[in-house]
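The values are calculated or read from the model by the stated rules, or taken from the named source; none is laboratory data. No experiment lies behind these values; they were computed from the predicted model shown. No Cβ is skipped: glycine too gets one built from the backbone with ideal geometry, and neighbour counts run over all protein chains shown. These accessible areas exclude ligands, DNA and RNA; they are computed on the full protein's heavy atoms, side chains included. Shrake-Rupley method; radii C 1.70, N 1.55, O 1.52, S 1.80 Å.
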Amino acid sequence: MDQLWQMAVAWYSTRLDPESRRPDASEIRGIFERIGLEGDFWDPQADTFRAS
Amino acid sequence: MTTDLDTRIKLAVYRGAAERGILPRAEEVASDVSVKVQHVRDSYARLAQRRLLVLEPDGLTIRMAPPFSGVPTDHRVRSGGIAYFANCAWDALAIPAALHRPGDIDSRCGQSGTPLHLEVGLNGPGPSSWLFHVSVPAAQWWPDIVYT
């Protein structure tokens, strides 16, 4: 749950701000790595899963 | 110019959701931003491309403005006297995070169906043994984000 909270904050804590945007792929990868989520499953561009 | 308009419309959607607990209708957004509904439709399409909105097929009804849901879900959040629907368990935590307010979450265990209640403070939820299960790899989240 602590990881989930950290994901929620990293992704959405600025969502009501004018400059807010969805994190790009490299930022997403960085968010996951910082909270210990690594490997192809958590890679937003992993070829293994044929990213769109 | 479309960037400025998109920002104004995005804020009208998100701040409208934050203030009322429901996603505003396109007509309300158009009135709020002082543009025609067609301009809202065009902007919604661009915001959807940027993965800030998920639209219904009519292009004017918002299904998701993550973390807010445009339809009732099993993930209910109450904060500041306002009730919200979240798209998933992650978004249920994300609503207090986006609002920068404490919240109360009523949800349901995805495995057993057991009702769950969680209090979320400004620094997150208290200790629990709950697990958040992710079954779809990150690279495949968006092609069917409603399922994800």
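Tabulated data for the structure shown
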{"quantity": "Accessible-area value, A:Glu27, 1.4 Å probe, nucleic acids and ligands omitted, Å²", "calculated": "70"}
{"quantity": "Distribution of pairwise C-alpha distances over chain B, 10 Å bins, in %", "calculated": "11, 39, 33, 14, 3"}
{"quantity": "FRET E, pair B:Thr61, B:His117, Förster distance 30 Å, beta-carbon r, rounded to 0.05", "calculated": "0.50"}
{"quantity": "Accessible surface of B:Leu118 - all protein chains present, 1.4 Å probe, nearest 10 Å²", "calculated": "20"}
{"quantity": "Lys, Arg +1 and Asp, Glu -1 on Cβ, resulting dipole of the protein assembly as shown about Cα centre, debye, nearest 20", "calculated": "400"}
{"quantity": "Accessible surface ranking that places the most exposed of B:Tyr84, B:Tyr147 first, with a 1.4 angstrom probe", "calculated": "B:Tyr147, B:Tyr84"}
{"quantity": "Within the accessible area of the protein assembly as shown (1.4 Å probe), percent carbon and sulfur", "calculated": "50"}
{"quantity": "Interface size B-A, as summed buried accessible area [1.4 Å probe, Å², nearest 100]", "calculated": "2800"}
{"quantity": "Listed residues B:Val37, B:Gly126, B:Leu55: farthest to the positive end of the dipole of the stretch B:37-148 (Cβ charges)", "calculated": "B:Val37"}
{"quantity": "Sequence-separation-based contact order of the stretch B:1-52, relative, with Cα cut under 8 Å and 6+ spacing, percent", "calculated": "37"}
